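Only one structure is covered here, and it is reproduced in the block below.
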Amino acid sequence: MENSIWTVLAVGALAFIAIKKWPKKQHTCAACGFVGFPKKIIKGNLLLEIILWVFFLIPGVLYTIWRFTTKSFVCPKCGKKLCISRFALQY
């Protein structure tokens with residue numbers, strides 16, 4: 001019972017951090033010139049994460065932490081990580 005409470009708290013904290021880091025301003029892609037909001041890419045495999053959570057608690061937690069810390073934002077048009085904030089381009 002106590003483990004499940006800690007698990008819920010850890011996943012909730014990771015979700016809060018993930019939502020907080022979402023870009024609120026438009027970006028410009030340096031590769032293709034697209035102007036808009038970038039797309040979030042999370043590395044790893046959701047099915048593997050679910051299997052690890054169901055059968056192995058500790059590896060599931062570690063895999064989830066790795067997935068949430070390695071996400072990045074890419075251009076939705078070309079898929080490159082060369083998105084620059086429009087605010088940065090004004091100066």
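Quick rundown of the values:
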{"read-out": "Residue selected from the stretch 62-86 under the condition under 12 Å from G44 (Cβ atoms) and of a type in the set (F, W, Y), by the criterion surrounded by the fewest Cβ atoms within 10 Å (Cβ to Cβ)", "value": "W66"}
{"read-out": "Single match in L46, L14 (criterion: exposed (fewer than 13 other Cβ atoms within 10 Å of the Cβ) and either at pLDDT 85 or above or of a type in the set (A, V, I, L, M) (or both))", "value": "L46"}
{"read-out": "Hey, T7 modelled with pLDDT of 70 or more, in a strand (DSSP E or B), surrounded by 12 or more Cβ atoms within 10 Å (Cβ to Cβ) and over 13 Å from the mean Cα position of the chain (by Cα) or not", "value": "no"}
{"read-out": "Of all residues making up the stretch 20-79, the number that are touching a Leu at 6+ places or on another chain (Cβ under 8 Å) and under 15 Å from T7 (Cβ atoms)", "value": "6"}
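The values are calculated or read from the model by the stated rules, or taken from the named source; none is laboratory data. Fair warning: this is a prediction, and the values are worked out from it, not measured in the lab. A quick note on method: Cβ atoms are made from the backbone with ideal geometry, for glycine too, and the neighbour counts reach across all protein chains shown.
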